[in-house]
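In what follows, a single structure is set out as structure tokens and then discussed.
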Amino acid sequence: MRSRLPTPVLLCLLAVVVCAVVNPGNFGTIDTPRRLQAERWIRLGEPPVRPIDRASGFGIAGRQGVVHAWYGIGQSLVLAPFDMLVSAAAGPGLRRLGLDAEKQRQVSELLIAFLMQASLTAALLLLARALLAGLGFPPAAALAGALSLLLATTCLYYVQVAQENLLLLVLALTALVSIRRWETTGAARWAALAGAAGGFAVLVRLPSLLEAGVFAAFALAAGGNRARFLAAYLPPLAVGVLADRWYQWLRFGEWTSTYMGLLGRLARPAGAPASYPFSYPFAKGFFGAFVSSDKSVLLFDPLLLVVAVAAVWHWRSLHRRVRALLVSCALLLLLYVALYARYFGFGGDVAWGHRYLTLPVHLLALFAIPIAMSTRPRLPRAVWAVLAIAVALQALSTTMVANVEVTQRERGEPGSVVPNRVANLAAVIAGRVDTPRFAGVPAEWRSLAYFPFQLRFHFPRLAVWAIAGWWLLVACIPLLVFRAMSHQPSAISHQLISRVARRL
């Protein structure tokens, strides 16, 4: 019996299920709790940096000697409503259960992370589908593109790890969907919304000025009333920039500096070059973004190969606005590669792939399957093979924390990230976690990263039921994909359905 649920509802359900499956039981990174503390500093008057983080050397002393986090304020603002909701709804219950302060904090972070990531993931799917549909792709191709963005790119890793990458992607998609609506309607409110998305992205991370400029050029290239577009686009973008500068002054008493500059001036390690933190060899960083066995965007996001080949092969048949957007995103990728080529922590260090390049990479990868679907009635076998490899690779990224391979690399373990992750996962599944390979690796990292499996360390009886429920949720993912694609009448959607059905 066919589901009567509309496709947007199915996509929201898929977002919730995927977040529940990959959830590690926390934010998955130390960065986000530190951003949460900044939100509580503004909202509740708590210290801007927790004592435990200060003791580890995190933070920069600012005005009146107060130590502040160096991040932008954007993600902290997004965390605020989820923090308030969890505090109001779950806080009293947690206190009645008699949990100590640390356990209350852990449960609260679990709930905040899940609610925030599920909301962003749902927005991601809906916006990606809307962008592709607005560019003229058929409904099946638009839906397949949105699904492949979530399940076949490193986007899935950032659904699990609540860094700012997923938020930045949602803001970029909001800007592009709004620009496309402005092109078709001419309504200034859409240009203003695009500028507001760009302005908020600047609050998340200052280099987002790059995409704000590239997206503006993309919009202006469409023609129309350019003065009217800029009159609506620039003011909210300027508000975001001014708010970022005010936040910099509020913490550090400076309007023109950046936190990277402050790190170089105030927190440069002994013996580091004067250009720190931009002290990595440029050529090694620039070309390493494409060929490094640990950070190559082509290795960790193989759909880039599909979009490159498909776009070149079918260039003349693509709509001119699709071509313009592909060129814009490729330019944005090169700009980001050049910007971060000299950053001392090449590729973001503890991350799956190059985490500073995910925005343009994900925007390009979004078009891989739609272009392949829209130019021929059936997907080539080579595309199916790359898609299967991409899905497997992203699923692999969620199985264990990236710290494992980083620890092994620092200890001199040979091999690159992906082969080591395969070997580590095989060892975990086989129960061989007490070998020299895992020397110095905490017990929690020598297990699957998913929350039900982490429960075994503290609540083994509860973990048995949680793991059973987790497997049920895993089974729901292909079923939801099947249901969503079954609503789309096309030869390739039926091809996908038949392939999924055979495997179920």
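The values are calculated or read from the model by the stated rules, or taken from the named source; none is laboratory data. Note that the coordinates shown come from a computational prediction; the quantities given were computed from them, not determined experimentally. Every residue, glycine as well, gets a Cβ built from its backbone with ideal geometry; the counts of neighbours run over all protein chains shown.
Is it true that SER279 is surrounded by 13 or more Cβ atoms within 10 Å (Cβ to Cβ) and without any contact (Cβ under 8 Å) to a residue 24 or more places away in the chain?
No.
I need every pair where a residue in the range 38-56 that is farther than 13 Å from MET84 by Cα has its Cβ under 6 Å from the Cβ of a residue that is of a type in the set (A, V, I, L, M), sequence separation at least 6 or different chains.
ALA38/ALA69; PRO48/ALA38; VAL49/VAL67; VAL49/ALA69; ARG54/VAL67
Given the conditions (1) assigned to a loop (DSSP other than H, G, I, E, B); (2) among the β-branched types (Val, Ile, Thr); (3) surrounded by fewer than 14 Cβ atoms within 10 Å (Cβ to Cβ), and given that ILE52 satisfies all but one, which numbered condition is not satisfied?
Evaluating ILE52 over (1) assigned to a loop (DSSP other than H, G, I, E, B); (2) among the β-branched types (Val, Ile, Thr); (3) surrounded by fewer than 14 Cβ atoms within 10 Å (Cβ to Cβ) leaves (1) as the failure.
Among the numbered conditions (1) touching a Lys or Arg at 6+ places or on another chain (Cβ under 6 Å); (2) small (Gly, Ala, Ser); (3) crowded, with 19+ Cβ neighbours inside 10 Å, tell me where GLY134 comes up short.
(3)
Tell me whether the range 20-27 contains one or more residues that are surrounded by fewer than 18 Cβ atoms within 10 Å (Cβ to Cβ), touching a residue at least 24 places away in the same chain (Cβ under 8 Å), among the β-branched types (Val, Ile, Thr) and in contact with a helix residue (DSSP H, G or I) (Cβ under 8 Å, 6 or more places away or on another chain).
no
Among (1) outside any helix (DSSP H, G or I); (2) modelled with pLDDT under 95, where does ALA140 come up short?
(1)
Inside the range 293-348, can you point out the residues that are of a type outside the set (Asp, Glu), farther than 30 Å from GLY223 by Cα and either outside any helix (DSSP H, G or I) or over 22 Å from the mean Cα position of the chain (by Cα) (or both)?
If the condition is that a residue be of a type outside the set (Asp, Glu), farther than 30 Å from GLY223 by Cα and either outside any helix (DSSP H, G or I) or over 22 Å from the mean Cα position of the chain (by Cα) (or both), then SER293, LYS295, SER296, PRO302, ALA341, ARG342, TYR343, PHE344, GLY345 are the ones that fit.
Can you pull out the residues in the range 241-286 that are assigned to a helix (DSSP H, G or I), hydrophobic (A, V, I, L, M, F, W, C) and within 19 Å of LEU357 (Cα to Cα)?
Hits for the range 241-286 are MET260, PHE282, ALA283, PHE286.
Could you please find all residues in the range 408-423 being without any contact (Cβ under 8 Å) to a residue 12 or more places away in the chain, closer than 13 Å to SER293 by Cα and part of a loop (DSSP other than H, G, I, E, B)?
PRO414, GLY415
Starting from residues that are in contact (Cβ under 8 Å) with a residue 40 or more places away in the chain and exposed (fewer than 14 other Cβ atoms within 10 Å of the Cβ), keep the ones in the range 236-257 and report whichever is nearest to ALA219 (Cα to Cα).
Restricting to residues being in contact (Cβ under 8 Å) with a residue 40 or more places away in the chain and exposed (fewer than 14 other Cβ atoms within 10 Å of the Cβ), the top hit is LEU250.
Residue under question is GLU183, and the condition is that it be of a type in the set (Asp, Glu), part of a helix (DSSP H, G or I), buried (at least 24 other Cβ atoms within 10 Å of the Cβ) and in contact (Cβ under 8 Å) with a residue 24 or more places away in the chain; does it hold?
No: the conditions fail for GLU183.
Going through VAL337, VAL291, VAL361, VAL327 one at a time, which residue ends up being farther than 23 Å from LEU131 by Cα and modelled with pLDDT of 95 or more?
VAL337
So that you can scan it fast, the table gives a plain yes or no per residue for (1) under 19 Å from ALA38 (Cβ atoms); (2) within 28 Å of the chain's Cα centre (by Cα); (3) part of a helix (DSSP H, G or I); (4) modelled with pLDDT of 90 or more:
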| site | (1), (2), (3), (4) |
| --- | --- |
| VAL86 | yes, yes, yes, yes |
| GLY93 | no, no, yes, no |
| GLU102 | no, yes, yes, no |
| SER119 | no, yes, yes, yes |
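GLY353 is checked against (1) in a helix (DSSP H, G or I); (2) modelled with pLDDT of 90 or more; (3) among the small types (Gly, Ala, Ser) and fails just one. What number does that condition carry?
GLY353 satisfies every listed condition except (1).
Looking only at the range 55-71, decide whether some residue is touching a Cys at 6+ places or on another chain (Cβ under 7 Å) and part of a helix (DSSP H, G or I).
no
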